[in-house]
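Asker: Pasting a structure below so you can have a look.
Bear in mind these aren't lab numbers, they're just calculated from the coordinates by the rules spelled out. What you are looking at is a predicted structure, and each value in this text was computed from that prediction instead of being measured. Positions of Cβ are generated from backbone atoms using ideal geometry, with glycine treated the same way; all protein chains shown enter the neighbour counts.
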Amino acid sequence: MEAREVSFTYFGGACVVVQVQGYTLVFDPADHLADSDIAALGGVVVTLFTQHLDDHFHERTAMKLIDMKGSLVVGTEEVCRALASFAPSTKLLELKPRRGFRAGPLRIFAVEGRHEVPTNLYYVTWGPALLFAGDTGYVELSKLKADLAFLPAGGSQYSKPEDSARMAVELGARYVVPVHCEEGEAKRLAALLEGKASTLVPAPRTPYKLTL
């Protein structure tokens, strides 16, 4: 895969699986991935949970990703605490906001989200950059730049199309993929970003490829 190529598949809720530079990043899988989906994952697998609520985090799915793919699991303190009795400590990484780590050519940083529970957004850079925000209210992102942004357009009292449109513009995102929302909310985000970014409303379980 060329450095600027990104492939992704949306599985529902906030769950997105991204392939970039030989790595597979599994964001907020909750219970959206069947064993067959996990078995089909290629490359080096890293699983990232934005928060511990059950529409984002599921213990069984996390353990399957560790057992079947040797995945590193990255998340908030609450996520890591929930898995501490089951998972090897070498497979858990608690990531606090403004902290990061390297995965091969990727640099992955946590950004503090806005929610009723501690929430991370994940900023991934390798030359191009992407941002994943599973469910958050408005967070100032003007100091970051991302070619691709996965942004919530609804699904809770916190995330709104208007907030995500503002964050997309601050990021200078070329491509925006609405997640964690109903179809009408996704279309509302697309309308707000018309002329400012290309919005791709993803069909579940359909692979997409972009050149950033």
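Asker: Using helices alone, I'd like the mean residue ellipticity at 222 nm for the chain: each DSSP H run of four-plus residues gives -39500 (n - 2.57), total over residue count, nearest 500.
Answerer: Rounded to the nearest 500, it is -6000 deg cm²/dmol.
Asker: Between D35 and A191, what length comes free when the chain is fully extended (0.36 nm per residue of separation minus the Cα-Cα distance, one decimal in nm)?
Answerer: 52.5 nm
Asker: Can you tell me how much longer the chain between T206 and R60 gets when fully stretched, taken as 0.36 nm per residue apart minus their C-alpha distance, in nm with one decimal?
Answerer: 50.2 nm
Asker: Counting other C-beta atoms within 10 Å, which of C181, C80 has the fewest, and how do the rest follow?
Answerer: If I rank by nearby Cβ atoms, fewest first, I get C80, C181.
Asker: Using amide H atoms built 1.01 Å from N in the peptide plane, name the residues 5+ places from E112, or on other chains, whose amide H lies under 5 Å from its own.
Answerer: R98, L121
Asker: Take F86 and E5, extend 7 Å from each Cα along the Cα→Cβ direction, and tell me the distance between the two endpoints in nm.
Answerer: 3.5 nm
Asker: Could you tell me which trypsin sites (Lys or Arg not before Pro) in segment 1-78 are loop residues by DSSP with no more than 14 other beta carbons within 10 angstrom of their beta carbon?
Answerer: In loop regions of segment 1-78 (DSSP not H, G, I, E or B), the sparsely surrounded trypsin sites (Lys or Arg not before Pro) are R4.
Asker: What are the residues whose amide H is under 5 Å from the amide H of L48, where those residues sit 5 or more places off or on another chain and H is modelled from the backbone?
Answerer: V26, F27, D28, V74
Asker: Turning to a different aspect of this structure: When the convex hull of the Cα atoms of the chain is projected onto a plane and the area is averaged over all directions, what value comes out in nm²?
Answerer: That works out to 10.1 nm².
Asker: Expressed as an acute angle from 0 to 90° and rounded to the nearest 10, what is the orientation of the C-alpha long axis of helix 161-171 relative to the principal long axis of the chain?
Answerer: The two axes meet at around 90 degrees.
Asker: Would you kindly derive the ³J(HN,Hα) couplings of segment 96-107 from the backbone phi angles with the Karplus curve 6.51 cos²θ - 1.76 cosθ + 1.60 (θ = phi - 60°), listing them in order in whole Hz, with x for Gly and Pro?
Answerer: So the Karplus estimates, Gly and Pro as x, are 8, x, 6, 10, x, 8, 10, 10, x, x, 8, 10 Hz.
Asker: Here's something else I'd like to know. Sum up the charges of everything whose Cβ sits under 9 Å from the Cβ of T50, counting Lys and Arg as +1 and Asp and Glu as -1, but leave T50 out.
Answerer: With Lys, Arg at +1 and Asp, Glu at -1, the neighbours total -2.
Asker: So, one more: Please identify every one of the trypsin sites (Lys or Arg not before Pro) in segment 77-157 that sits in a loop by DSSP and has no more than 13 other beta carbons within 10 Å of its own beta carbon.
Answerer: Those that pass, being in a loop and sparsely packed, are R98, R99, K143.
Asker: Out of the DSSP beta bridges found with both residues in the chain, what percent are antiparallel (nearest 5)?
Answerer: Antiparallel: roughly 60 percent of the beta bridges in the chain.
Asker: One-quarter of the Cα convex hull surface for segment 77-175, in nm²?
Answerer: Averaged projected area of segment 77-175's Cα convex hull equals 6.8 nm².
Asker: So, in segment 5-200, how many Lys pairs have Cα atoms under 25 Å apart, if the pair is 8 or more places apart or on different chains?
Answerer: Number of lysine pairs found: 15.
Asker: Starting from the Kirkwood radius over alpha-carbon pairs of segment 151-192, derive D by Stokes-Einstein at 37 °C in a medium of 0.692 mPa s and give it in µm² s⁻¹.
Answerer: 333 µm²/s
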